[in-house]
Amino acid sequence: MDYQSQQVEAKWKARWKESGAHRADKHSGKPKYYCLDMFPYPSGNGLHVGHWRGYTISDVWSRYKRMHGFEILHPMGWDAFGLPAENYAIQHGVHPRISTAENVANFKRQLEEIGAMYDWDREINTTDPEFYRWTQYFFVKMFEQGLAYRKKMPINWCPSCKTGLANEEVVDGKCDRCGSDVTKKEMYQWMLKITAYADRLLDDLDKLDWPEHVKRMQRAWIGRSEGARIRFKLSNHPDEIEVFSTRPDTIYGATYMVLAPEHPLVQTITTAEQRTAVESYVDESLRKSNIERQQVGDKTKTGVFTGAFVEHPLVDRKLPVWVADYVLMDYGTGAIMAVPAHDERDYEFAQEFGLEIIPVVQPQDGPVDGLYTGDGVLTNSHTLNGMKVADAKRAAIELLQSTGQAEATVNYRLRDWVFARQRYWGEPIPIIHCDACGPVAVPVEQLPVRLPEVERYEPTGTGESPLAAIAEFVNTTCPKCHAPAKRETDTMPQWAGSSWYFLRYADPNNDEAPFSKEAIDYWLPVDMYIGGVEHAVLHLLYSRFYTKFIYDLGLIQFDEPFQRLFTQGMMTLNGAKMSKSKGNVVNPDDIIRDYGIDALRMYEMFVGPPEDEAEWSTNGLEGVSRFLQRVYRLIQAHSTKSVPEREALTKLRHRFVASLTERMEGFRFNTAVSAFMEYVNALSAESKQGIDRATMDTLALTLAPFAPHMSEEMWEMLGHKTSVFDATWPTFEEKWLKDDEIEIAVQVNGRVRAKLVVAADASDEAAIAAAKSLPEMQEWLAGKEIVKQIYVQGRLVNLVVKG
Ligand code: ANZ
Ligand code: ZN
């Protein structure tokens, strides 16, 4: 009979549920393994087969690890605060709580379909007050330590979403959510001091088993630069200009200065003659994004002379001060000393405006004309002459430090995290503003501060959240002095809940603490984290920061949350990323009906290297489906017969297990599926003489992580009384992996002249010697000189002869 996927899958799903097969138990006595998916945002669109790629990888891996004796924690939950639900509420008047609940139900149904071993008893939802109580708790802890603070500052403002955004949410000057141009707005903001952790966030990357490109992105985002702050006195003016430079060694090559257009000194030092030009330039540049301003090469540099000069600190030289938008206000000090001979942007600028260029570093083999940004030795630099760049950096700082004009410093690109949104659907920030006491944290025993019901979800556009309109919410009393006071009405950004949710899975129903020590010590850290690379600098950086903070609180014993990270590639259809808006979504519900869950899972693994982008193909899926049918029929036909083991099958089996296991360990699931296909082909060829039980057991066991339902069915058919997932992954013996003897070709000048049987592990010398001594080779070699001889391992010997 044909394999009935619907029936078999329903049967095993029910059994797993009934027996609690996926429940994670910290008292099992086994070592733990925590395999985590990045939890989804439950959108209104449901999941498509692209999403399932990551979920299948993590489930295959979880099941595989379980068969290696680990107690698995494989949980799932919902990252459910955020703008889409709120925008939907604005358009349709449906409370985000209601639309979110509907979406969660649909996502959960779909995820249950996939046959994943999620422990649903541990399901969490960031919008559940019992969850966000602890999100607020960590905020209060940060506030107590001075790590959450309020500051008036120009922030990124999306005029369309009517909310502030973190730097991480601004991509190419546009809102990451809606694509509108981001502007600046001066507002009081809650900030988290992630910069206090910059060095640790950077250094600890070294201990993580993460893809190199993700680490590289985090390093670049943190952007640690060592250098110096150097001060230049203005001529005929009491102020000085402070710059940040990573190349203090080039100080003698500084020929002009540049201030960012927003720099406060621009107003005070610009001369009367230059004022009109400078002011119109400043106005114009404030309308550009940082990205536009920093482009190198493809755009002419712009700028205006202020009319002012500074004194060079070491030589008798006056440097003109310019204002130009390639210098940014929010990096370093917002001012630079320009060294056009050795900095690309300064070089372009100096060329454009005819400014002086003085080379001060030259490569070992002599001077170069024009721009030189490489390493070398100092020239035109008085006491620094002849020094290497690294030594000259130190020497220049010392020189300037002795007169109080500079000091060494470290600068970061990383900024503190803007942690407030002027929107409804988020965790209320648990702060009360009191006229006498200032901002006061809500006492932790009064948490959660629940999100109240509102009539209108629209942001007010004044920079206040809709919560500001609810008098019962806003008016309260100060926890310290009991005077009338007002609640903070901003909510947290979407990233708040996801910054610590992975800890909550260890102990999701704890109502006295975010988690118990016992649970956290057993389950954490996460051993394997699987998700999309788009989170490289947002979620993955924020989570590391939170973990370090919670470690510092003494609540956990580890300071990195995710030991190993795997980022799966996207699934495309006709070359485009699958997305509802592109209308190229393949819905797993349809696939499951036609082919079954196991076929879909196996295909998701077969489609290509898991870290690479892959193209969906229904033909490919059909191929995998036929393959599974074939395995099933093979087991069905042989399960009732009893045949003795044969050496040919034993050898095949050990080899298959060895190569499959190696591919699994290397996360090469696509080639793992090929290993199955080759193995089953070989077995079919042998099947006339019968297939022994060890072979069939092995097939059911190894297929189990990929096709769990069908494997359980086959395992039962083979007479086993317990779940295939309570069995152990098969092992192999080395002795079966060696080929004893193989036949190779012997060539003369590239043409095959004889066959030779050699030991499979024969050395080059042995194979060549054997080839030359073959009787049939003598006529080809007689009277000839051998000029070259090679042995291609396992394939051929080639002798190149002359004469
Ligand atoms: C002199 C110099 C000479 C520089 C040289 C570079 C090369 P990173 O590595 O990114 O930290 N800089 C400093 N502040 C700036 C700002 N607000 N906007 C634009 N550029 C700024 O880069 C540090 C270098 O970028 C600094 O070192 C400064 O130029 C420039 F041969 O100083 B340098
Ligand atoms: Zn007070």
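Annotations for the structure displayed:
- Just one of the listed residues (Lys215, Lys185, Lys162, Lys152) is under 27 Å from Pro466 (Cβ atoms) and without any contact (Cβ under 8 Å) to a residue 60 or more places away in the chain, namely Lys152.
- In the set (1) farther than 30 Å from Lys141 by Cβ; (2) polar (S, T, N, Q); (3) within 16 Å of ligand 1 (Cβ to nearest atom), Thr383 fails one condition alone, (3).
- Residue match in region 313-329 (condition: more than 24 Å from Ile155 (Cβ to Cβ), under 38 Å from the mean Cα position of the chain (by Cα), more than 7 Å from ligand 1 (Cβ to nearest atom) and surrounded by fewer than 18 Cβ atoms within 10 Å (Cβ to Cβ)): no
- Condition met for Glu455 (away from ligand 2 (no atom under 16 Å from the Cβ), at pLDDT 95 or above and assigned by TED's automatic domain parsing to the domain that holds Lys185): no
- Matching helices (runs of 4 or more DSSP H) fully within region 565-660 where at least 3 residues are at pLDDT 90 or above and either in the same structural domain as Phe706 (by TED's automatic domain parsing) or not hydroxyl-bearing (Ser, Thr, Tyr) (or both): 597-606, 618-638
- Residue in region 787-794 that is buried (at least 17 other Cβ atoms within 10 Å of the Cβ), assigned to a strand (DSSP E or B) and not acidic (Asp, Glu) present: yes
- Residues that are of a type in the set (A, V, I, L, M, F, W, C), more than 20 Å from the chain's Cα centre (by Cα) and at negative phi are absent from region 215-226 altogether.
- Pairs meeting the criteria (first residue in region 416-440 and modelled with pLDDT under 95, second residue within 16 Å of ligand 1 (Cβ to nearest atom), beta carbons under 9 Å, at least 6 apart or on different chains) are Asp416/Thr195; Trp417/Asn167; Trp417/Thr195; Val418/Asn167.
- Whichever residue in region 404-414 is within 27 Å of the chain's Cα centre (by Cα) and part of a loop (DSSP other than H, G, I, E, B) and, among such residues, is surrounded by the most Cβ atoms within 10 Å (Cβ to Cβ): Leu414
- Failed criterion for Met777 (all others in (1) in contact with a helix residue (DSSP H, G or I) (Cβ under 9 Å, 6 or more places away or on another chain); (2) within 14 Å of Ile742 (Cβ to Cβ) hold): (2)
- Residue among Val449, Val526 that alone is away from ligand 1 (no atom under 16 Å from the Cβ), of a type in the set (Val, Ile, Thr) and under 25 Å from Val94 (Cβ atoms): Val449
- Residue that is surrounded by the most Cβ atoms within 10 Å (Cβ to Cβ), among those in region 667-708 that are among the hydrophobic types (A, V, I, L, M, F, W, C) and not in a helix (DSSP H, G or I): Ala707
- Whichever residue in region 415-451 is acidic (Asp, Glu) and away from ligand 2 (no atom under 16 Å from the Cβ) and, among such residues, is surrounded by the most Cβ atoms within 10 Å (Cβ to Cβ): Glu427
- The test for being within 24 Å of Leu555 (Cα to Cα), in the same structural domain as Arg150 (by TED's automatic domain parsing) and more than 16 Å from ligand 1 (Cβ to nearest atom) holds for Ile429.
- Scan region 298-334 for residues that are assigned to a strand (DSSP E or B) and among the aliphatic types (A, V, I, L, M) and the total you get is 6.
The values are calculated or read from the model by the stated rules, or taken from the named source; none is laboratory data. All values derive from a computational prediction rather than experimental measurement. Quick reminder, even Gly has a Cβ in these numbers, built from the backbone with ideal geometry, and neighbours come from all protein chains shown.
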